[in-house]
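**Q** Provided herewith is a single structure, encoded as structure tokens, for subsequent inquiry.
Computed from the coordinates by the stated procedures, all read-outs in this text should not be read as laboratory data. Computed from a predicted model, the values in this text were never measured in an experiment. Cβ coordinates were reconstructed from backbone atoms using ideal geometry, including for glycine residues, and neighbour counts include every protein chain displayed.
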Amino acid sequence: MAAIQASLEEERLNLEAQMAEEKRKIQEDERLAEEERQRLLADLEEQRQRKEDEEKAHEQMMQKLKAMEDKMLVGTQVMEKAMQQENELRKAQMEMEEKRRAELRMKEELEQQEQE
């Protein structure tokens, strides 16, 4: 996730540098009429805004992905805890059943001894 964000940041910085260079060229080009210059600058600004919107949308998706990963982790931990509790309950039930059988055997032995 951090690698993706670093890559996106590098891409964003490169794009900003490229757009700044284009803007400088447009502003310095004396052959362009003012109207054409303004149109090109507006197009460049529109591109920048569109890219910024895409980056925001991507960042929101990354945050949602992180939240889902966190929920999965928590869900996995909850599941593991439930399985552990289920195993402990099963073990306790087996111990109780064994204890009940032992008591039953002792009762039968006592009854047998009393009959003798």
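**Q** Can you find even one residue in the range 79-99 that is surrounded by 11 or more Cβ atoms within 10 Å (Cβ to Cβ), within 27 Å of the chain's Cα centre (by Cα) and of a type in the set (A, V, I, L, M)?
**A** Within the range 79-99 (the criterion being surrounded by 11 or more Cβ atoms within 10 Å (Cβ to Cβ), within 27 Å of the chain's Cα centre (by Cα) and of a type in the set (A, V, I, L, M)), the answer is no, since none of the residues qualifies.
**Q** Go through the range 1-30 and give me each residue that's loosely packed, with under 11 Cβ neighbours inside 10 Å and touching a residue at least 40 places away in the same chain (Cβ under 8 Å).
**A** Residue satisfying the conditions is Met1 alone.
**Q** So His58 clears everything in (1) without any contact (Cβ under 8 Å) to a residue 40 or more places away in the chain; (2) within 41 Å of the chain's Cα centre (by Cα) except one condition, right? Which one?
**A** (1)
**Q** Then there is this: Could you tell me whether any residue of the range 31-40 is surrounded by 10 or more Cβ atoms within 10 Å (Cβ to Cβ), in contact (Cβ under 8 Å) with a residue 12 or more places away in the chain and not β-branched (Val, Ile, Thr)?
**A** Step one: of the range 31-40, the residues surrounded by 10 or more Cβ atoms within 10 Å (Cβ to Cβ) are 32, 36-40.
Next, from what is left, pick out any that are in contact (Cβ under 8 Å) with a residue 12 or more places away in the chain: 40.
Applying the additional criterion that residues be not β-branched (Val, Ile, Thr) yields 40.
Yes, that holds for at least one residue.
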